[in-house]
Structures are given as structure tokens and as C-alpha cells.
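Below is one structure, written out as C-alpha cells; the observations come after it.
The values are calculated or read from the model by the stated rules, or taken from the named source; none is laboratory data. Quick caveat, the model's predicted, so the values are computed rather than measured. Cβ: placed from backbone, ideal geometry, glycine included. Neighbour counts: every protein chain shown.
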């Protein structure tokens with residue numbers, strides 16, 4: 001069963017959905033309460049500059065407000081940046097998030113794919129740096145990568161940021177899953193921010209706000225930030241999304257609990273699924289890539305479990321699947337279902 005993205009809108013309440021990488025703890029109660037108590041504000045037009053939200057983000061991440069641009073989800077900002085900078089030649093990794101290729105196709109950008117190989121555990125290596133010495137306008141990378149869950153090493157990330165500055169390449173670093181990573185502050189491109197680096201972030205996954213649509217970008221260049229800020233629709237971020245974002249930034253305990261739970265349950269899933277003789281690729285994110293010679297997604301579907309078939313990721317095929325890390329009960333149900341299917 002091939003779909004463009006995870007998270008199937010037609011599912012019923014009996015379905016256990018491992019296809020979408022949403023925080024299984026759900027939306028924080030503080031965010032829900034903020035939305036409930038602000039319904040009267042929904043009739044107003046939103047602040048096009050997201051002034052209060054940007055100020056809150058600025059205080060939280062230590063970046064001046066003028067270098068932060070909010071959008072209607074990370075995907076909105078991705079498309080706005082592509083259409084703003086119009087790179088003639090772009091580099092992306094395969095496999096990675098399919099929207100990069102789609103966004104670049106809209107402006108007819110020539111795409112140079114850098115393949116991540118199964119035999120190297122899909123880890124990005126420094127061979128990428130050689131490509132950046134050729135004519136390139138934009139580089140798009142994800143850390144941790146989707147669907148592999150692999151982080152870019154700190155040393156390589158620093159070298160990429162330096163190389164892109166030296167060669168006048170815009171480096172778009174997608175960190176939408178970084179909040180799920182243990183000691184994430186060590187692995188972010190913010191540590192190497194320069195005028196050619198842009199970091200893409202989202203509230204979608206970590207705060208279970210997929211339906212509200214809220215993302216932001218951190219720029220190292222004021223000029224680039226201003227150019228992107230002026231693109232897209234005037235009211236790109238709704239009133240509810242701005243209110244939810246401000247409330248979410250108060251949820252430090254929620255974030256800590258999420259990281260701890262994710263690490264514990266990810267390890268549990270990886271260890272138990274390996275016992276079923278599935279090939280498991282170790283992950284640092286809230287999802288796991290696995291390989292199976294059987295149509296595992298279809299077999300699990302008949303047991304009311306949804307997983308993501310990765311056959312439409314460039315560089316993968318229909319033998320690869322991605323599963324979300326969920327709560328222990330749901331993870332145990334997935335493991336039992338896999339054991340019934342694979343071990344008889």
C-alpha cells in the first residue's frame with residue numbers, strides 16, 4: 001500500500017496507526033487549554049508577523065526575532081524558500097522527504113541526488129563535501145533523516161556549514177524531528193549557523209499539532225529572512241496555531257518526558273523486532289526503518305495496524321517500511337503481530 005505520506009485519513013478507531021510520526025503523548029494539556037480559552041479570538045484576523053510567537057521563540061532558542069520566520073507548517077516554509085531563492089542546481093540525499101523533490105520540480109531546479117547506501121546503514125558520509133565543490137546553489141539535508149532516523153555527525157555538519165558558506169550555497173537543514181533526539185542541542189546546525197544556513201523546524205510532530213499547521217525557520221542572514229518573510233500569503237499562520245505555539249513553548253517537562261519515553265520505547269521496539277528476523281536500522285528519531293521481504297504492511301493491515309510502505313522513497317523499494325515509536329502498549333501489540341506473521 002503506497003501513499004505519499006504517512007497518516008491515513010480514512011482509518012477507523014480500531015486501527016493502530018504507526019504510519020505517522022506524531023508524538024504518542026498527544027497534544028500537551030497546556031496547549032489544549034490555551035486553545036479552549038481563546039476561542040473568542042478565532043474570529044479575528046491573525047497577526048501576519050506572528051509577533052508574540054516569534055518573540056517567545058526568540059527567547060527560547062536565543063536567536064534574534066528578525067532572524068525567525070513562521071509559516072503554515074514546515075512544508076509551507078520549504079516551498080516559500082524554494083520559490084524565493086530559485087536554486088538552479090540543488091543537492092538532496094536519497095532516501096529523504098519527498099517534498100524536497102516536489103518543491104524543487106516546481107521551479108525546474110536540476111537536482112543532484114546523493115545516495116545513502118544500505119551497506120553503510122544509510123549514514124551520510126563526507127563524500128558529500130566533494131559535490132559541494134561543484135556548481136551548486138542549494139543543499140537540503142534532514143537530521144535526523146526521514147525515513148532512516150540517522151543524525152548527521154557533528155563534525156560533518158560543521159564541515160557542511162563551512163563549505164556552503166565558502167561556496168555560496170544555501171544550506172537548508174531540516175530539523176523537524178530534532179526535538180525527539182537525546183542531547184539534541186549537540187546535533188543542531190544552530191551551533192554552526194552562518195549567513196548561508198537556514199534551519200527548518202516544526203511544532204507538528206513533537207507537539208502533535210499536525211492539524212494546526214505551524215513551523216518556523218531560523219536564518220543566519222537577515223537579508224534572506226526578510227526575503228522569505230515577504231513571500232506567501234499574508235496571513236499564513238492562523239490565530240489558533242499562534243496561540244498553540246506560544247503555549248507549547250512553555251512545555252519543558254512535556255519535552256523531557258517525550259525524549260525519555262521515545263528513547264526507551266525505540267530501544268524496546270528495535271530489540272524485540274530484531275528477534276523476528278526483520279532487518280532493523282538503528283534510529284535516533286521517533287521512527288524506525290526496517291526491511292522485510294514480505295508485504296508486511298498489507299499483512300499488518302489485516303490485523304488493524306498501519307505502517308508506512310517506503311517504496312516511493314527514492315533509493316528504497318517496497319521491502320522497506322517505516323514505523324513510528326508509540327506508547328508501550330501499542331508497541332507491544334505491533335511486536336506480537338509481527339511475531340504471529342513472521343514466526344508462525
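Here is how the numbers come out for the structure above:
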item: Selected residue [under 14 Å from residue 16 (Cβ atoms), outside the structural domain of residue 181 (by TED's automatic domain parsing) and surrounded by fewer than 22 Cβ atoms within 10 Å (Cβ to Cβ)] from 298, 333; result: 333
item: One residue from 128, 116 being without any contact (Cβ under 8 Å) to a residue 40 or more places away in the chain, in contact with a strand residue (DSSP E or B) (Cβ under 6 Å, 6 or more places away or on another chain) and over 20 Å from residue 75 (Cα atoms); result: 128
item: Which numbered condition residue 161 misses (of (1) more than 18 Å from residue 67 (Cα to Cα); (2) in contact with a strand residue (DSSP E or B) (Cβ under 7 Å, 6 or more places away or on another chain); (3) surrounded by fewer than 24 Cβ atoms within 10 Å (Cβ to Cβ)); result: (1)
item: Only one of 34, 20 that is assigned by TED's automatic domain parsing to the domain that holds residue 320, on the phi < 0 side of the Ramachandran plot and either in a loop (DSSP other than H, G, I, E, B) or modelled with pLDDT of 95 or more (or both); result: 20
item: Verdict on residue 185 being free of Cβ contacts under 8 Å to residues at least 24 places away in the same chain, assigned by TED's automatic domain parsing to the domain that holds residue 222 and surrounded by fewer than 19 Cβ atoms within 10 Å (Cβ to Cβ); result: yes
item: Qualifying residue in the range 264-272 (condition: under 30 Å from residue 34 (Cβ atoms), touching a residue at least 40 places away in the same chain (Cβ under 8 Å) and part of a helix (DSSP H, G or I)); result: yes
item: Top-ranked residue of the range 85-98 - restricted to ones that are surrounded by fewer than 18 Cβ atoms within 10 Å (Cβ to Cβ) and modelled with pLDDT of 95 or more, ranked as nearest to residue 145 (Cα to Cα); result: 94
item: Qualifying position, being out of contact with any strand residue (DSSP E or B) (no Cβ under 6 Å at 6 or more places or on another chain) and in a loop (DSSP other than H, G, I, E, B), among 326, 339, 314; result: 326
item: Counted residues, the range 227-236 - those being farther than 11 Å from residue 77 by Cα and in contact with a helix residue (DSSP H, G or I) (Cβ under 8 Å, 6 or more places away or on another chain); result: 1
item: Pair list, Cβ < 6 Å and 6+ apart or interchain, from the range 58-69 residues that are touching a residue at least 24 places away in the same chain (Cβ under 8 Å) and at negative phi to residues that are assigned to a helix (DSSP H, G or I) and surrounded by fewer than 18 Cβ atoms within 10 Å (Cβ to Cβ); result: 66/222
item: Failed criterion for residue 224 (all others in (1) in contact (Cβ under 8 Å) with a residue 40 or more places away in the chain; (2) assigned to a loop (DSSP other than H, G, I, E, B); (3) more than 21 Å from the chain's Cα centre (by Cα) hold); result: (2)
